[in-house]
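Engineer: Can you read through this structure? Questions will come right after.
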Amino acid sequence: MGAIALEVADLSAGYGPVRALRQVSLEVPEGAVVTVLGGNGAGKSTLLRAISRTLAFHGGAVVSGSVRFGDRSLDGLPPDRVVAAGVCQVPEGRQVFARMTVEDNLRAGALGGTRDRTARAAALKRVHELFPVLAERAAQPAGLLSGGEQQMLAVGRALMAAPKLLLLDEPSLGLAPLMAARIADTIREINAQGTAVLLVEQNAALALRLASRAYVLEVGEVTLSGPAAELAASDEVRRRYLGVV
Ligand code: ATP
């Protein structure tokens, strides 16, 4: 494993009086897939929003702690500078622009990243190779895509910024098992192409198959962490997150 790409240290964040994250520390090594497991309301989305600096859009704020990516501090940066630094979030619930075409949704993703035309064309080619359906349906409104296809579009839109680290918020949410498995395959492929992934999931079985390292978040605090295979074998994780009694 390479150097540390993302380093979150003692991060606390919340929404007004609601403290959603308490002194969370975690690391994503270069090129790795790392997952954060946790039930409803554990603070998983808040963690990704704190890293991408989009928490203010949801009425929240980072209270203390720090986030570093490579040799840069992301503290206090506006969200577009975080994207420019190489970190891009796919939000929960996909949030594609339903009335815009698939192609225009992808172009909107590129705005946060490079303005370089050649780089943008290369990013679009990569997205179309990963998700041929997005090329086939380029001219259609995104709202006509199925749930799984909209998730592909949301991931594709983030890839248009050519991120070094992709933050994925519950990509399998609401998808049929077959479609969730396809999304998982794509995450593997994106990672194999050199993009690190921080994956937030309620589907622990899927996440633990993809990740090399895992963290468990409970009521805003990291309660367990370690190699994914180790967590997958632990009685507590099996009982609480894998439904094994
Ligand atoms: P889920 O899987 O249900 O999205 P989560 O693990 O992503 O859960 P968060 O959405 O980060 O959890 O929520 C953590 C805590 O912060 C919860 O108590 C939640 O009610 C609260 N919270 C989340 N978003 C907001 C918001 N915009 N305003 C106020 N409180 C919020």
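The values are calculated or read from the model by the stated rules, or taken from the named source; none is laboratory data. This structure is a prediction, so every number in the text was calculated from the model and none was measured. Note that each Cβ is placed from the backbone with ideal geometry, even for glycine, and that neighbours are counted across all protein chains shown. Side chains included, ligands, DNA and RNA excluded: accessible areas come from the protein's heavy atoms. Shrake-Rupley method; radii C 1.70, N 1.55, O 1.52, S 1.80 Å.
Engineer: Going by what's in this entry, would Asp116 be described as free of Cβ contacts under 8 Å to residues at least 12 places away in the same chain, open to solvent by 50 Å² or more (accessible area, probe 1.4 Å) and within 15 Å of Pro163 (Cα to Cα)?
Structural biologist: Yes.
Engineer: Would you mention how many residues in segment 201-224 are within 14 Å of Ala42 (Cβ to Cβ), in contact (Cβ under 8 Å) with a residue 60 or more places away in the chain and either among the acidic types (Asp, Glu) or out of contact with any Leu (no Cβ under 6 Å at 6 or more places or on another chain) (or both)?
Structural biologist: Matching residues across segment 201-224 total 7.
Engineer: Exactly one condition in (1) at pLDDT 95 or above; (2) farther than 30 Å from Arg239 by Cβ is false for Ala13; which is it?
Structural biologist: Against the list (1) at pLDDT 95 or above; (2) farther than 30 Å from Arg239 by Cβ, Ala13 comes up short only on (2).
Engineer: To continue, here is another question. Is there any pair with a first residue in segment 2-19 that is in contact (Cβ under 8 Å) with a residue 60 or more places away in the chain and charged (D, E, K, R) and a second that is open to solvent by 80 Å² or more (accessible area, probe 1.4 Å) and away from the ligand (no atom under 12 Å from the Cβ) whose Cβ atoms are under 6 Å apart and which are 6 or more apart or on different chains, and what are they?
Structural biologist: That search, which allows pairs on different chains as well, returns Glu7/Arg68.
Engineer: Now, a different point. Please go through (1) in contact with a helix residue (DSSP H, G or I) (Cβ under 9 Å, 6 or more places away or on another chain); (2) modelled with pLDDT of 90 or more; (3) within 27 Å of Ala232 (Cβ to Cβ) for Gly39 and return the number of the only condition it doesn't satisfy.
Structural biologist: That leaves (2) as the condition not met.
Let's see how each residue does on (1) under 25 Å from Ala135 (Cα atoms); (2) of a type in the set (Lys, Arg):
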site: Ala56; (1), (2): no, no
site: Phe69; (1), (2): no, no
site: Gly76; (1), (2): no, no
site: Arg94; (1), (2): yes, yes
site: Ala98; (1), (2): yes, no
site: Thr101; (1), (2): yes, no
